Structure formats: structure tokens, C-alpha cells
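First up is the structure itself, then whatever we jot down about it.
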Amino acid sequence: MIQMKKEYDTFLCGNDKLPDGKECQIVIRDLTPGKHKYQSFHVKAIVSSSTEQLEGDDTLWVRTELGRLYQQPWKIKIIEEVEDM
């Protein structure tokens, strides 16, 4: 069975930056059509701005705190879901 890639988005506040190519904890929102669309998750993940793929990656759309979308999507590989802080 072929697994379809998922799409997520995240919002950056102020001068926040994603650590390119490194593990981080972020809140993402599921954009994949279906029952769980727009559900938010706090995850530990590796994110990358590179167009090269991470093994097992999905698409991450990055938005400013005002909702403005960055021009290019990032890649995200979710390591685990984290309990709310």
C-alpha cells in the first residue's frame, strides 16, 4: 500500500525561526483532507527548507504570525507527538 504524503502548516511568532535540518518541537496543523483536517499537534520533528527530501518526509507550509505564507514549502519528518506543555 502506497502512503500518500501529508501536508501540515505552522505559524512562527515574531522573530522565531525554524532550526533548518535540526530536531525541534513545534505545533503543526494537519492540512490533509479528511476527518482530522485542521487538527493541531505538538510534535518533535526534523524540518528542512531544502528541496531535497528527508527520508519519510511530508510537506510543511510555514506562515508568519499574521498568517502570511512563505513562498516555498519546507519538509518535515515527524519523530513523535509530544504531550501538551
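The values are calculated or read from the model by the stated rules, or taken from the named source; none is laboratory data. Since we're looking at a predicted model, the values are computed, not measured. Cβ sites come from the backbone with ideal geometry, for glycine too, and all protein chains shown count toward neighbours.
Consider the stretch 42-64 and keep the residues that are of a type in the set (Asp, Glu) and either under 13 Å from ARG29 (Cβ atoms) or in contact with a strand residue (DSSP E or B) (Cβ under 6 Å, 6 or more places away or on another chain) (or both). The one that is modelled with the highest pLDDT is ASP58. May I ask you to verify whether ASP9 is closer than 20 Å to GLU65 by Cβ, part of a strand (DSSP E or B) and not hydrophobic (A, V, I, L, M, F, W, C)? When the stated conditions are applied, ASP9 passes them.
Taken over the stretch 17-28, the criterion of being loosely packed, with under 12 Cβ neighbours inside 10 Å and within 17 Å of LEU69 (Cβ to Cβ) is satisfied by LYS17 alone. Taking residues in the stretch 48-62 that are assigned to a strand (DSSP E or B), and partners anywhere that are of a type in the set (S, T, N, Q) and modelled with pLDDT of 90 or more, the pairs with Cβ atoms closer than 8 Å and at least 6 places apart or on different chains are LEU60/THR10; TRP61/THR10; VAL62/THR10. Within the stretch 9-30, residues that are under 14 Å from TRP74 (Cβ atoms) reach partners that are part of a loop (DSSP other than H, G, I, E, B) and of a type in the set (Gly, Ala, Ser) with beta carbons closer than 8 Å, at six or more positions or on different chains, in the pairs PHE11/GLY67; LEU18/SER49; ASP20/SER49; ASP20/SER50; GLY21/SER50.
If you go through the stretch 49-85 and keep only what is surrounded by 14 or more Cβ atoms within 10 Å (Cβ to Cβ), closer than 18 Å to LYS6 by Cα and of a type in the set (A, V, I, L, M), you end up with LEU54, LEU60, VAL62, ILE76, ILE78. Screening LEU18, LEU66 for residues that are within 13 Å of the chain's Cα centre (by Cα) and assigned to a loop (DSSP other than H, G, I, E, B) leaves exactly one candidate, LEU18.
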